[in-house]
Amino acid sequence: MVLTKTATKEYGKVYKRLSPSAKNKKGALDKNHFDYKLVDVWTIHFENLRNDK
């Protein structure tokens, strides 16, 4: 898998986080609270998916 950052930016949802817990040090994503921000666009290219021998 190859990730490539493009020169394009689009507006997308950026979720806020809940308080950290012992199970999740960073805090879980809070799907009820988000902001629309300008984010980078990435492309994904998959290589060598077949196991040809």
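The values are calculated or read from the model by the stated rules, or taken from the named source; none is laboratory data. Note that the structure is predicted; figures quoted are calculated from it, not measured. Using ideal geometry, Cβ is built from the backbone for each residue, glycine included, and neighbour counts are taken over all protein chains shown. To get the accessible areas, we keep the full protein, side chains included, count just its heavy atoms, and leave off ligands, DNA and RNA. Shrake-Rupley method; radii C 1.70, N 1.55, O 1.52, S 1.80 Å.
Suppose a student asked you for the relative contact order of the chain, using Cα pairs under 8 Å spaced at least 6 residues apart; what percent would you report?
Working: 79 pairs, mean separation 25.6, N = 53.
Across the chain, relative contact order equals 48 percent.
Per atom type, the chain shows carbon and sulfur on 53% of its accessible surface, probed at 1.4 Å. Per residue, the chain exposes 98 Å² of solvent-accessible protein surface, assessed with a 1.4 angstrom probe and all protein chains in place. Residues considered: K25, K13, K37. Largest GNM mean-square fluctuation over the chain, using C-alpha springs under 10 Å, is found at K25. Need one word for the chain: rounded, prolate or oblate. Basis is the Cα gyration tensor (sqrt eigenvalues a ≥ b ≥ c); a/c below 1.5 gives rounded, then a/b vs b/c decides. Note, shape of the chain comes out oblate. Ordering F46, N24, M1 by Cα displacement along the dipole of the chain toward the positive end leaves N24 in first place; charges were set at the Cβ atoms of Lys, Arg (+1) and Asp, Glu (-1).
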